[in-house]
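These notes concern the structure reproduced below.
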């Protein structure tokens, strides 16, 4: 069996380890030979540059990202090609990044960094605490669950929003539908966006829904920029209808120079880097090993993204 994969995606050492675990599998690393593969282990944007029409042997695609908003599934569905994504690989680092953004905002880190530059000793005496707050997490999947787990250590009440009302570990309450989203936004001191970008979630937080948030609330987005109406977000931040925002994602990316979000004191931006971790490639390799083993055993890989 031929498997196409770029060694850079998981690192050379992990790739060599992967090959040693599957001595009967032939791994292809050249793009010019990829269309001969039965399995492709790739980033979601791979088939933007390469036409699936030439991949006559392809039966399964393992994506190396959790998000797949730029991946067109229709030709894969039409041909019965399985597509799975990378679940639980980035959840820990993303959950930790959520807290980074909250503490940067709550503890006025930007202000104190500027104070250090001018050697100014000017403390802010009343800074918000996270403990005992109400947190609303939009998206109760693997990222939301890892974040919720950590919020419980701060004695927070954790609300979750998802499509179906099922019990999820670490969440005190799961809300659904328009009324559920409204309730979450109106009650939460911190709103965390952790949903994939789909037709349903695009502009999920529009001007009206952002208006449901508390004026003291903080909005954190580690999902995708278009989940939030960015123009509406700028407006509510400028008018201080919410306290602050921590953004790892924007629309577009990179955020253009001169954009008003760059200059706002109540905004903290990172360059779509919340998943950064020295363990990411190792976890990706372990996922590929797990799913490839299942595939070779004639079983369906985990984390199929459509039915």
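The values are calculated or read from the model by the stated rules, or taken from the named source; none is laboratory data. These numbers were taken from a predicted model, which means no experiment stands behind them. Neighbour counts run over all protein chains shown; Cβ positions are idealised from the backbone, glycine included.
Pull up the stretch 42-64, narrow it to residues that are part of a loop (DSSP other than H, G, I, E, B) and free of Cβ contacts under 8 Å to residues at least 24 places away in the same chain, then point me to the one that is farthest from the chain's Cα centre (by Cα). Step through it out loud before you land on a result.
Just the residues of the stretch 42-64 that are part of a loop (DSSP other than H, G, I, E, B), to begin with: 43-45, 50-51, 55-59, 64.
Now drop any that are not free of Cβ contacts under 8 Å to residues at least 24 places away in the same chain, which leaves 50-51, 55-56, 58-59.
Details: 50: 25, 51: 27, 55: 29, 56: 32, 58: 28, 59: 27 Å.
Across the stretch 42-64, the extreme among qualifying residues is 56.
Hey, could you check the stretch 198-213 for residues that are touching a strand residue (DSSP E or B) at 6+ places or on another chain (Cβ under 9 Å) and assigned to a loop (DSSP other than H, G, I, E, B) and say which is surrounded by the most Cβ atoms within 10 Å (Cβ to Cβ)?
213
Looking only at the stretch 1-16, count how many residues are surrounded by 15 or more Cβ atoms within 10 Å (Cβ to Cβ), in a helix (DSSP H, G or I) and out of contact with any strand residue (DSSP E or B) (no Cβ under 9 Å at 6 or more places or on another chain). First the steps, then the outcome.
Taking the stretch 1-16 as the starting set, the residues that turn out to be surrounded by 15 or more Cβ atoms within 10 Å (Cβ to Cβ) are 1-7, 9-11, 14-15.
Within this subset, residues satisfying the condition of being in a helix (DSSP H, G or I) are 7, 9, 14-15.
Still in the list and also out of contact with any strand residue (DSSP E or B) (no Cβ under 9 Å at 6 or more places or on another chain): 14.
Summing the residues that are surrounded by 15 or more Cβ atoms within 10 Å (Cβ to Cβ), in a helix (DSSP H, G or I) and out of contact with any strand residue (DSSP E or B) (no Cβ under 9 Å at 6 or more places or on another chain) in the stretch 1-16 gives 1.
Looking only at the stretch 59-73, decide whether some residue is surrounded by fewer than 20 Cβ atoms within 10 Å (Cβ to Cβ) and modelled with pLDDT of 95 or more.
Yes: one or more hits.
Within the stretch 236-288, which residues are part of a loop (DSSP other than H, G, I, E, B), touching a strand residue (DSSP E or B) at 6+ places or on another chain (Cβ under 6 Å) and surrounded by fewer than 19 Cβ atoms within 10 Å (Cβ to Cβ)?
Matches in the stretch 236-288: 266 only.
Within the stretch 74-94, take every residue that is touching a strand residue (DSSP E or B) at 6+ places or on another chain (Cβ under 9 Å) and buried (at least 16 other Cβ atoms within 10 Å of the Cβ) and give me the one that is farthest from residue 306 (Cα to Cα). Write out each step before concluding.
Taking the stretch 74-94 and keeping what is touching a strand residue (DSSP E or B) at 6+ places or on another chain (Cβ under 9 Å), we get 76-77, 81-86.
Retained after the next criterion (residues that are buried (at least 16 other Cβ atoms within 10 Å of the Cβ)): 76, 81-86.
Details: 76: 10, 81: 11, 82: 8, 83: 7, 84: 8, 85: 10, 86: 14 Å.
Ranking the qualifying residues of the stretch 74-94, first place goes to 86.
Residue 29 versus (1) buried (at least 17 other Cβ atoms within 10 Å of the Cβ); (2) over 17 Å from the mean Cα position of the chain (by Cα): which is the lone unmet condition?
(1)
Does any residue of the stretch 83-105 turn out to be assigned to a strand (DSSP E or B) and either within 25 Å of residue 243 (Cα to Cα) or not assigned by TED's automatic domain parsing to the domain that holds residue 221 (or both)?
To start, the set of residues in the stretch 83-105 that are assigned to a strand (DSSP E or B) comprises 83-84.
From what's left, either within 25 Å of residue 243 (Cα to Cα) or not assigned by TED's automatic domain parsing to the domain that holds residue 221 (or both): 83-84.
Yes, the stretch 83-105 contains a residue that is assigned to a strand (DSSP E or B) and either within 25 Å of residue 243 (Cα to Cα) or not assigned by TED's automatic domain parsing to the domain that holds residue 221 (or both).
For residue 140, are the conditions met, namely being crowded, with 21+ Cβ neighbours inside 10 Å, in contact with a helix residue (DSSP H, G or I) (Cβ under 9 Å, 6 or more places away or on another chain) and not in a loop (DSSP other than H, G, I, E, B)?
No, not satisfied.
Of the numbered conditions (1) in contact with a strand residue (DSSP E or B) (Cβ under 7 Å, 6 or more places away or on another chain); (2) more than 20 Å from residue 99 (Cα to Cα), residue 161 satisfies every one except a single condition; which is it?
Unmet condition: (2).
It is to be established whether one or more residues within the stretch 96-108 are in contact with a helix residue (DSSP H, G or I) (Cβ under 7 Å, 6 or more places away or on another chain) and crowded, with 21+ Cβ neighbours inside 10 Å.
Checked against the condition, which is being in contact with a helix residue (DSSP H, G or I) (Cβ under 7 Å, 6 or more places away or on another chain) and crowded, with 21+ Cβ neighbours inside 10 Å, the stretch 96-108 yields at least one hit.
Collect the residues in the stretch 289-302 that are assigned to a loop (DSSP other than H, G, I, E, B) and either assigned by TED's automatic domain parsing to the domain that holds residue 244 or surrounded by fewer than 18 Cβ atoms within 10 Å (Cβ to Cβ) (or both), keeping them in residue-number order. Steps first, please.
Taking the stretch 289-302 and keeping what is assigned to a loop (DSSP other than H, G, I, E, B), we get 297-302.
Hits for the stretch 289-302 are 297, 298, 299, 300, 302.
Yes or no, residue by residue, for (1) without any contact (Cβ under 8 Å) to a residue 40 or more places away in the chain; (2) on the phi < 0 side of the Ramachandran plot:
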position	(1), (2)
82	no, yes
101	no, yes
108	yes, no
120	yes, yes
123	yes, yes
130	no, yes
